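Worksheet: one structure, shown below.
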Amino acid sequence: MDEMEEELKCPVCGSFYREPIILPCSHNICLACARNILVQTPEAESPQSSRASGSGASDYDYLDLDKMSLYSEADSGYGSYGGFVSAPTTPCQKSPNGVRVFPPAVPQPGPQQHLLPHPASLPPIPRNSCITCPQCHRSLILDDRGLRGFPKNRVLEGVVDRYQQSKAAALKCQLCEKSPKEATVMCEQCDVFYCDPCRLRCHPPRGPLAKHRLVPPAQGRISRRASPRKISTCTEHELENLSMYCVQCKMPVCYQCLEEGKHGTHEVKALGAMWKLHKGQLSQALNGLSDRATEAKEFLVQLRNMVQHIQENGVEFEACLVAQCDALIDALNRRKAQLLAQVNKEHEHKLKVVRDQISHCTVKLRQTTGLMEYCLEVIKENDPSGFLQISDALIRRVHMTESQWGKGTLTPRMTSDFDLTLDSGPLLQTIHQLDFVQMKVPAAPILQLEECCTQNNSATLSWKQPPLSTIAVEGYILELDDGNGGPFREVYVGTETICTVDGLHFNSTYKSRVKAFNSSGVGQYSKTLIMQTSEIAWFTFDPVSAHPDIVFSNDNLTVSCNSYDDRVVLGSAAFSRGVHYWEMTVDRYDNHPDPAFGISRGDVLKDVMLGKDDKAWAMYVDNNRSWFMHNNSHTNRTDGGVAKGSTIGMLLDFTRRILIFLINDEQQGPVAFESLEGAYYPAISLNRNVQVTLHTGLPIPDFYTPGEADPTSSVC
């Protein structure tokens, strides 16, 4: 039962669940903890969540604050399931919109903590309140019912209660303020455990209390456990019992839900039949998981035996090696110490690999056993609706846990044999060349300078192994610094001996190095190669990321559009450092359209005007005037438009973090945007009435003076 304890603890407070509720994503949380992590969202910023067509109307609107996809009630809050999220290690949570929530400190669990206030007595929840699941981090907006709209997980509550009762060494008094004493009696009418001092002080045997029946604590525990559970009622219609199961919505419903039409067109089945069906499915899934757990236990025994075999084989190999080295007189004695060191290294390597695998498999088996015990306890529950509320999620978890024990998981990563052969045949004069076969780490690779080069903001590196090296190589690791004297970082790991790195900073000096590795370890680094990226940035429009309606010509320097709607195309290079200037000339301008010029992130919307979303910073202009636009906010209307032959310039200065626009070599309006950070692509949106040509490699305008000297700045 100890392995199951993690399943019974709230991810927010870390204590056993108290009055758990089920979120639409199938995760659980204490009712009190749910109130603590609520975040009030301004009404103007509350997006309307999209509803799944054909399904019942959902009571919760998911927030698209962290760019996750929307989930409807029809799919139970699941899209593509990415795996488990561990419970937070600190009391601080962070919602997807960046709000940090600090729940109040939770006292140590005790009997009195179960006496929680009734939800009706709690203060009302503000409108537009938002709650974020602490496990999967999906957010949703509460409806008018607030937290009462979430179903209670009675099955989990029952399992927690049984678990705590089985673990309790002695029942404690519920009225002791400090260091509760062992309870001596329980009042059946008050449903409270008392020690002798608290019973005399708070429950004297006189007046109305004289008629109360006091029983021993153990008998009171049994009466508590045997007390009948409440009949499940509908969360929508509190006076109606749950009697049917909606197959489409995957939830228990009452007859009134069917009569009102919310589930009237959905397929429904009897609650008892679906309860038995889902219990059978969970039991069947547990059988497969149980087989995996049995195999894992046997595999752990095998790994532990391997440890003993490795130790025995290591001792045997050392003894054999000592005997051979002693036979080679004094010359072999000097070499013997070196060979023993290599054997010990292999010995430790094998032990480390096997012990790491034992540790990993033990943790996974513990989690699997805990899930199995929890599921078995859930199956014991006699609450059909409560079981059906969590059965789908449990079945998926069981299948997913079983899949984690897939092929290769129960296979040793290391053999217990030492694949080393000592060649004792050579003559005495060759003794200094004696070595184990394939037991060295690879030598340092040699950079082939004639094949290493830079082009624009890309670098190509080529290397090879030393000509006389016969040591096997399994792969290479290429490292570059940040182009500004920072630490090295891995940019490639693989078997190839040539690699091109794209997306580097312009006019920057990079250091690069490479090393080889095999099963024995990682070799030495090669010599460091210093490379200089292009001072001038030459780029074109990018046909790969552009909207399909964009038409390219002139080697991707000229673009037009075959749609009347605005379409976006980006440049092929991104900038995040230095000073950059480029221009676009208007080759065709018909019917007074308003193309938009500027910069954007790589994931900007491609089917709307540039600047409509928060991923673009643009100036859109017609034949008379222009506006700056970001996130659909229009500012700084300025007289002066464009026509055929006009030139629009964009100056992006990261030293000052600003963007300036020019029309026909004159600055258009004030500084357009400030506080720019990150990587940006040159961008433009246009329709079929416009055609433009891109010009790069230009000097900055004479009127502009760059900011403070920056060793990483470049001009393009």
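The values are calculated or read from the model by the stated rules, or taken from the named source; none is laboratory data. Given the structure is predicted, the values throughout are model-derived calculations rather than measurements. Every residue, glycine among them, receives a Cβ derived from its backbone with ideal geometry; neighbour counts consider all protein chains shown. Surface areas here come from the heavy atoms of the whole protein model, side chains and all, with no ligands, DNA or RNA. Shrake-Rupley method; radii C 1.70, N 1.55, O 1.52, S 1.80 Å.
Accessible surface calculations at 1.4 Å, restricted to protein heavy atoms, place region 237-394 at 51 Å² per residue.
The Stokes-Einstein estimate for region 564-618, based on a Kirkwood radius over Cα pairs and taken at 20 °C with 1.002 mPa s viscosity, is a diffusion coefficient of 168 µm²/s. Of the listed residues GLU674, GLU373, the order by accessible area with a 1.4 Å probe, largest first, is GLU674, GLU373. The ellipsoid that matches the Cα gyration tensor of region 360-420 has semi-axes, each √(5λ) in whole angstrom, of 36, 11, 6, with the longest given first. Expressed in units of 2.2 N^0.38 Å, where N is the residue count, the Cα radius of gyration of region 538-689 is 0.94. The gain in end-to-end length when the ARG588 to THR294 segment is fully stretched comes to 98.5 nm, 0.36 nm per residue minus the alpha carbon separation. What number comes out for the charge environment of ARG489, summing +1 per Lys or Arg and -1 per Asp or Glu over other residues with Cβ under 9 Å away? Local charge sum for ARG489: -4. Just so you know, the Rg over Rh for region 646-704 is 0.96, from Cα atoms, with Rh as the Kirkwood radius. Take every Cα-Cα pair in region 524-583 and report what % of them are more than 15 Å apart. Taking all Cα-Cα pairs of region 524-583, the fraction more than 15 Å apart is 62 percent. Around VAL559, under 12 Å between beta carbons, what's the net of Lys plus Arg minus Asp minus Glu among the other residues? Around VAL559, the surrounding residues sum to -1. Computed over neighbours whose Cβ is under 12 Å from that of LEU694, the net charge equals -4, Lys and Arg +1, Asp and Glu -1.
How high is the FRET efficiency between VAL353 and GLN165 when r is their beta carbon distance and R₀ equals 51 Å, given to the nearest 0.05? Efficiency computed from Cβ-Cβ geometry: 0.70. The tail of the calculated P(r) for region 261-409, taken as Cα-Cα distances beyond 29 Å, holds 48 percent of the pairs.
Counting only aspartates and glutamates at least 8 places from LYS407 when in the same chain, those with an alpha carbon closer than 18 Å to its own are ASP291, GLU295, GLU298. Peptides 148-156, 611-619, ordered by how many other C-beta atoms sit within 10 Å of their residues on average, highest first, read 611-619, 148-156.
Residues whose amide H falls under 5 Å from that of ALA573, counting only those 5 or more places apart or on a different chain, are THR540, with hydrogens built in the peptide plane.
Based on alpha-carbon atoms, the Kirkwood radius and the radius of gyration of region 240-346 give Rg/Rh equal to 1.66. With the whole protein complex present, ILE379 retains an accessible surface near 40 Å², based on a 1.4 Å probe.
Each pair of Cα atoms in region 609-716 enters the Kirkwood radius, and Stokes-Einstein at 10 °C and 1.306 mPa s then converts it into a translational diffusion coefficient of 107 µm²/s. In plain terms, the chain from LYS211 to GLN324 could stretch by 31.4 nm, reckoned as 0.36 nm per residue minus the Cα-Cα distance.
With all protein chains present, how much of the accessible area of region 461-503 (probe radius 1.4 Å) comes from carbon and sulfur, to the nearest whole percent? C and S fraction of accessible area: 52 percent. In whole angstrom, region 254-294 maps to an equivalent ellipsoid with semi-axes of 35, 9, 6, each derived as √(5λ) from the alpha carbon gyration tensor and ordered largest first. These residues, LEU422, LEU277, go from largest to smallest accessible area, 1.4 Å probe, as LEU277, LEU422. To the nearest 10, the accessible area of CYS10 is 0 Å² with a 1.4 Å probe. In this structure, ASP665 and CYS453 have a Cβ-Cβ separation that, at R0 = 25 Å, corresponds to a calculated FRET efficiency of about 0.10. The distance between label points at THR411 and LYS464 comes to 3.5 nm (points 7 Å beyond Cα on the Cα→Cβ vector). Ranking of VAL501, VAL473 by solvent-accessible surface, largest first: VAL473, VAL501 (1.4 Å probe, protein heavy atoms only, all chains present).
In the calculated pair-distance distribution of region 471-571, the portion above 22 angstrom amounts to 53 percent of the Cα-Cα pairs. If R0 is taken as 60 Å, the Cβ-Cβ distance between PHE552 and GLN248 corresponds to a FRET efficiency of 0.80.
Within the straight-line cut-off of under 29 Å between alpha carbons, the lysines reachable from LYS380 are LYS9, LYS152, LYS167, LYS172, LYS230, LYS250, LYS269, LYS276, LYS279, LYS297, LYS364, sequence neighbours fewer than 8 places apart in one chain being disregarded. Across region 553-629, Cα pairs under 8 Å and at least six residues apart give a relative contact order of 27 percent.
The orientation-averaged projected area of the convex hull spanned by the Cα atoms of region 588-637 comes to 3.7 nm². Region 281-343 has equivalent-ellipsoid semi-axes of 49, 9, 5 Å, by the square roots of 5 times the alpha carbon gyration tensor eigenvalues, sorted largest first.
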